Amino acid sequence: MNKQQIILHLSLINGVGPTTAWRLLQILSTQQDFLNLYNLSSLELGFKFGLPPKVSSLIYEGLKDKSSLELELKLIEKHKINWITLIDEEYPAILKNSYLPPLVIYYKGSNIFKEKSIAVIGSRKINDYGIRAINKIVPELVKNDWVIISGGAIGADTKAHETAVKAGGKTVAILGSGLLHPYPYSNLRLFEEIIAKGGAIISSFHLNMQPFASNFPARNRIIAGISKGCLVVQAAIKSGTRITATFALEQGKEVFAIPGSIEDELSAGCHVLIKEGAKLVHSAQDIFIEFGEADKESHTVQAKKEFNPPVVSAFEAIVSSHQPEEEELVKLCYLPASIDELLEKTGLNLQELQSKLFELELDDKIKQDFAGMWQKI
């Protein structure tokens with residue numbers, strides 16, 4: 001068994017969060033180090049890696065059972081799935097340098113991770129204005145050899161992928177499910193076309209993972225982490241799109257937003273992002289200028305600003321209308337807390353916890369900082 005297979009095995013252990021996995025990789029080095037994991041007791045795992053008893057027990061039990069790894073490797077071979085781990089040279093450097101990148105990336109299609117890429121995201125309820133914006137900007141991005149990254153969802157994501165393919169470009173769909181359960185199912189033909197035209201579909205979830213709502217925050221972090229920049233076409237104030245853009249801002253990525261009518265709720269999120277430091281965009285040239293691909297003097301652009309997160313007073317952050325369990329979760333985030341700490345303190349499983357965190361984030365009760373820690377707003 002090689003190091004890559006052992007990392008794959010670790011990623012398949014249910015309940016082991018990214019913080020824990022990253023802690024192991026900071027200490028493991030040689031092939032023998034990795035193999036020795038299988039010889040350590042639960043107590044020794046806890047002592048060696050500084051893990052709480054519950055987590056070290058999960059890892060111990062998970063490593064004892066190799067059936068999940070054997071099944072995953074069989075599925076990989078049967079369905080001709082490509083996969084890379086965090087220690088591989090092929091792993092995209094831009095994603096590796098983000099906080100707590102996924103241990104394993106599965107993909108079908110071409111390895112285009114080293115090509116320049118930009119995320120184009122927006123609302124599932126995209127309207128004619130958003131469609132016209134994508135039709136105007138994406139073909140120009142493609143013409144300048146940008147790979148278009150999006151989430152494969154209905155609405156703006158689908159339109160971004162379709163427009164890129166139609167323009168003869170490459171596009172990558174980052175899924176919130178395993179590659180054997182691509183979601184949404186209505187886009188299966190689109191996913192096949194993306195692959196056929198030199199693009200790829202990507203997932204950080206094991207092959208049989210269903211498209212649970214709790215998966216999408218992790219999917220959104222990958223969209224932000226794997227792209228050099230992020231263009232938001234349309235977004236409501238409370239939306240996964242805006243959260244993805246905020247991830248990108250916090251990672252120091254260039255974020256662009258298309259303004260719209262003050263009466264359109266789908267433009268409200270874009271306007272907030274522009275206030276927070278995103279660049280206002282009315283053409284692809286505005287994007288090219290920021291990346292040094294156009295003459296700045298020949299265009300009128302918004303002055304570059306550094307991102308300064310808005311300050312929220314304690315009085316504005318009073319928690320209300322939550323169920324008792326949610327109130328407790330918010331209280332646990334009074335000081336920054338990792339997903340692993342919250343797993344231990346709440347007793348929830350990973351899927352339940354991620355789902356509740358996502359709901360509270362959409363309600364602006366908690367937020368995830370650039371280091372991946374959850375904190376009360």
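Key figures for this structure:
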| item | result |
| --- | --- |
| Farthest toward positive dipole pole in the chain [+1 Lys/Arg, -1 Asp/Glu at C-beta], among ILE366, THR19, ILE81 | ILE81 |
| Lys/Arg +1, Asp/Glu -1 at C-beta; the stretch 108-298 dipole; positive extreme among GLN234, SER203, ALA167 | SER203 |
| Choice from GLY151, GLY347, GLY46 with maximal GNM fluctuation in the chain (Cα, 10 Å cutoff) | GLY347 |
| Share, in percent, of DSSP beta bridges within the chain that are antiparallel, nearest 5 | 40 percent |
| Cα pair count fraction exceeding 21 Å, expressed as % - the stretch 3-78 | 20 percent |
| Cα Rg, Dmax, the chain, angstrom units | 21.0, 66 |
| GNM top mover of ILE84, ILE105, ILE262 - the chain, alpha-carbon springs below 10 Å | ILE262 |
| Additional length obtainable on full extension of the chain from GLU265 to HIS181, 0.36 nm per residue less Cα span | 27.0 nm |
| Whole-Å distance, taken between Cα centres, linking the stretch 1-48 and the stretch 60-74 | 13 Å |
| Counting DSSP beta bridges with both ends in the stretch 108-298, the antiparallel % (nearest 5) | 10 percent |
| The chain - percent relative contact order, Cα under 8 Å, separation 6 or more | 14 percent |
| Whole-Hz ³J(HN,Hα) from phi, Karplus 6.51 cos²θ - 1.76 cosθ + 1.60, for the stretch 171-188, glycine and proline x | 9, 10, 9, 9, 9, x, 8, x, 5, 8, 9, x, 10, x, 5, 5, 9, 4 |
| Neighbour-limited loop hits for GluC sites (Glu not before Pro), the stretch 60-158 (at most 16 other Cβ within 10 Å; DSSP other than H, G, I, E, B) | GLU89, GLU90, GLU115 |
| In Hz, Karplus ³J(HN,Hα) per residue of the stretch 112-123 (6.51, -1.76, 1.60; θ = phi - 60°; x = Gly, Pro) | 10, 5, 8, 7, 5, 9, 9, 7, 10, 9, x, 6 |
| The stretch 216-289: GluC sites (Glu not before Pro) in DSSP loop, at most 10 other beta carbons within 10 Å | GLU263 |
| Highest-first arrangement of 167-180, 26-39, where packing means the average Cβ count within 10 Å | 167-180, 26-39 |
| Computed FRET value (nearest 0.05) for LYS166 with LYS64, which takes r as the C-beta separation and R₀ as 51 Å | 0.50 |
| Angle in degrees between helix 128-143 and the longest Cα principal axis of the chain, rounded to the nearest 10 | 80 degrees |
| Relative contact order, percent, the stretch 32-93 [alpha-carbon distance under 8 Å, six or more residues apart] | 20 percent |
| Dipole magnitude of the chain, debye to nearest 20 (Cβ charges: Lys/Arg +1, Asp/Glu -1, about Cα centre) | 640 debye |
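Quick note: the coordinates plus some simple rules give every number you see, no bench work behind them. Everything numeric here is computed off the predicted structure, so don't read it as measured data. Counting neighbours? That spans all protein chains shown, and the Cβs are built from the backbone with ideal geometry, glycine included.
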